[in-house]
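*Asks:* Quick one: structure below, then a few questions.
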Amino acid sequence: MSDDAVIAVVGGTGNLGAAIARRLAKGGRKVIIGSRSAESAEKAAAELGFGLTGRSNADAARAGDIVIVTVPFAAQEATLADIKPHVSGKIVVDTTVPLVPPKVMRVQLPAEGSAAVKAQNVLGEGVTVVSGFHNVAAHKLITDQDVGCDVLVFGDEKAARSKVVELANQAGLRGIHGGALVNSAAAEAMTSLLIFINKTYQVDGAGIRITGELIEPDA
Ligand SMILES: NC(=O)c1ccc[n+]([C@@H]2O[C@H](COP(=O)([O-])OP(=O)(O)OC[C@H]3O[C@@H](n4cnc5c(N)ncnc54)[C@H](OP(=O)(O)O)[C@@H]3O)[C@@H](O)[C@H]2O)c1
């Protein structure tokens, strides 16, 4: 991926989106934050700094080469429908964890099997959905500290997946290929376990680490 590829973060005013946007922009990437309100996006971008700019979700998606979607599960379908006209031929990175409040410590995957597969169904062919960032705590990612969390990345096209693995690395995390998009169910489900572990063991944002020595796969 060329480093001049524009990254759009739809829902980038929120916890996870702002954290990803800030880290990528700080690393020198061109990043645009999206919001339902262009004004909110501009305000959030100015507060985050690092040259970030803000637009409406649709305008951000139109301008982005890679579009990261960071909205709550309840807002996923409507948000994807909103950006669909602007993401044909692009990579859309879905970060949605299908939490169903109030029982967020229970795995409750959607009928499609995962939020990622649901995203692909909504966006249709011609859009390459990759998923990731499900297991990283946003309140840690927004800081400059070493989060020490792996990011499992799922997608049916290896080249697209590789670009998102690289984005995770650029955000100071360790991106790891997790295989096909259907495998996203594993990481999405894991988040409910992590929330349970946070509560049970009083952890400030548990994450995951793959053990063993990893040798980078061929591109
Ligand atoms: N927070 C974490 O630590 C974390 C970690 C891993 C994965 N995730 C996943 O990442 C996604 C985003 O999480 P988050 O904590 O960043 O969410 P959030 O802060 O609650 O919301 C993100 C943004 O989504 C937009 N939004 C909220 N409600 C909406 C609605 N009803 N319709 C359309 N847009 C709406 C808002 O942007 P505007 O009002 O500006 O439009 C908001 O700033 C979720 O699916 C979550 O499960 C979160």
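*Asks:* For Gly205, indicate whether it is farther than 17 Å from Val107 by Cα, of a type outside the set (A, V, I, L, M, F, W, C) and either surrounded by fewer than 17 Cβ atoms within 10 Å (Cβ to Cβ) or more than 14 Å from the chain's Cα centre (by Cα) (or both).
*Replies:* Judged against the criteria, Gly205 is a match.
*Asks:* Next question, about the same structure. Which residue, of Ala18, Ala63, Ala41, Ala74, is modelled with pLDDT of 95 or more, within 18 Å of the chain's Cα centre (by Cα), surrounded by fewer than 22 Cβ atoms within 10 Å (Cβ to Cβ) and within 8 Å of the ligand (Cβ to nearest atom)?
*Replies:* It is Ala74.
*Asks:* Another one. Cβ-Cβ distance below 8 Å, separation of 6 or more or different chains: which pairs start in region 29-42 with a residue that is farther than 20 Å from Ala171 by Cβ and end on one that is near the ligand (Cβ under 10 Å from one of its atoms) and among the acidic types (Asp, Glu)?
*Replies:* none
*Asks:* Okay, next question. Looking only at region 105-133, which residues are part of a loop (DSSP other than H, G, I, E, B), under 14 Å from Ser184 (Cα atoms) and open to solvent by less than 50 Å² (accessible area, probe 1.4 Å)?
*Replies:* The answer is Pro110, Gly113, Ser114, Gly132, Phe133.
*Asks:* How many of the residues in region 164-180 are away from the ligand (no atom under 16 Å from the Cβ), assigned to a helix (DSSP H, G or I) and hydrophobic (A, V, I, L, M, F, W, C)?
*Replies:* Step one: of region 164-180, the residues away from the ligand (no atom under 16 Å from the Cβ) are 165-166, 169-170, 177, 179-180.
Applying the additional criterion that residues be assigned to a helix (DSSP H, G or I) yields 165-166, 169-170.
Retained after the next criterion (residues that are hydrophobic (A, V, I, L, M, F, W, C)): 165.
Qualifying residue count for the region: 1.
*Asks:* Being of a type outside the set (Gly, Ala, Ser) and in contact with an Asp or Glu (Cβ under 8 Å, 6 or more places away or on another chain) is the filter; apply it to region 141-181 and report the residue that is nearest to Arg29 (Cα to Cα).
*Replies:* Leu173
*Asks:* Residue by residue through region 21-38, note down the ones that are more than 8 Å from the ligand (Cβ to nearest atom), over 15 Å from Leu167 (Cα atoms) and surrounded by 22 or more Cβ atoms within 10 Å (Cβ to Cβ).
*Replies:* Ile33
*Asks:* Something else: Here are some conditions: (1) within 15 Å of the ligand (Cβ to nearest atom); (2) farther than 22 Å from Val104 by Cα; (3) crowded, with 23+ Cβ neighbours inside 10 Å. Arg161 meets all but one. Which one does it not meet?
*Replies:* (1)
The values are calculated or read from the model by the stated rules, or taken from the named source; none is laboratory data. Everything numeric in this text was worked out from a predicted model, so none of it was measured. Quick reminder, even Gly has a Cβ in these numbers, built from the backbone with ideal geometry, and neighbours come from all protein chains shown. Calculation scope for accessible area: heavy atoms of the full protein, side chains included, ligands and nucleic acids excluded. Shrake-Rupley method; radii C 1.70, N 1.55, O 1.52, S 1.80 Å.
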